[in-house]
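The values are calculated or read from the model by the stated rules, or taken from the named source; none is laboratory data. No experiment lies behind these values; they were computed from the predicted model shown. Here Cβ is always computed from backbone atoms with ideal geometry, including for glycine, and neighbour counts include all displayed protein chains. Only protein heavy atoms, including side chains, enter the accessible area calculation; ligands, DNA and RNA are left aside. Shrake-Rupley method; radii C 1.70, N 1.55, O 1.52, S 1.80 Å.
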Amino acid sequence: LARIGLEFTGMTPEEAAELTSTVDWTSTLLVPIPRNATHKQVSVDGVTGTLIQRPYAESPQFALLWVKDGIIYAISGLGTNSEGAIQMADSLP
């Protein structure tokens with residue numbers, strides 16, 4: 001299924017096969033990124049997380065995801081000010 005999904009996003013069958021053979025699927029979480037969304041890695045809570053932003057003019061949204069000590073965390077919200085989410089995450093004990 002992962003190969004099919006990767007091919008659907010534009011990878012060749014060979015590229016998809018190569019990538020899927022290097023992933024430990026027992027400990028990997030797949031996060032779909034919506035079309036017309038941007039994503040970037042950010043420093044959050046002492047680890048690297050992913051910030052996903054959907055810049056729709058009428059209803060912008062964001063989601064911040066990170067894994068720390070084997071626990072998956074997520075904060076999402078409306079608007080474009082994701083800095084508040086990062087500050088909230090950094091304040092966790």
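Here are the numbers for the structure shown:
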read-out	value
Leading residue by the ranking (surrounded by the most Cβ atoms within 10 Å (Cβ to Cβ)) among those in region 66-79 that are of a type outside the set (Gly, Ala, Ser) and in a strand (DSSP E or B)	66
Some residue of region 65-87 being touching a Lys or Arg at 6+ places or on another chain (Cβ under 7 Å), modelled with pLDDT of 85 or more and charged (D, E, K, R)	no
Any pair with Cβ under 9 angstrom, 6 or more apart, that starts in region 30-58 at a residue that is at pLDDT 90 or above and ends at one that is surrounded by 12 or more Cβ atoms within 10 Å (Cβ to Cβ) and charged (D, E, K, R)	44/68; 45/68; 46/68; 47/68; 49/68
Complete set of residues in region 34-51 that are among the polar types (S, T, N, Q), loosely packed, with under 15 Cβ neighbours inside 10 Å and touching a Phe, Trp or Tyr at 6+ places or on another chain (Cβ under 9 Å)	36, 48
Every residue from region 1-47 that is of a type in the set (Phe, Trp, Tyr) and within 26 Å of residue 73 (Cβ to Cβ)	25
Checking residue 25 against (1) over 16 Å from the mean Cα position of the chain (by Cα); (2) at pLDDT 90 or above, the condition it does not meet	(2)
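Rundown of residues vs (1) open to solvent by less than 90 Å² (accessible area, probe 1.4 Å); (2) outside any helix (DSSP H, G or I), yes/no style:
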site	(1), (2)
5	yes, no
18	no, no
32	no, yes
53	yes, yes
58	no, yes
64	yes, yes
81	no, yes
86	yes, no
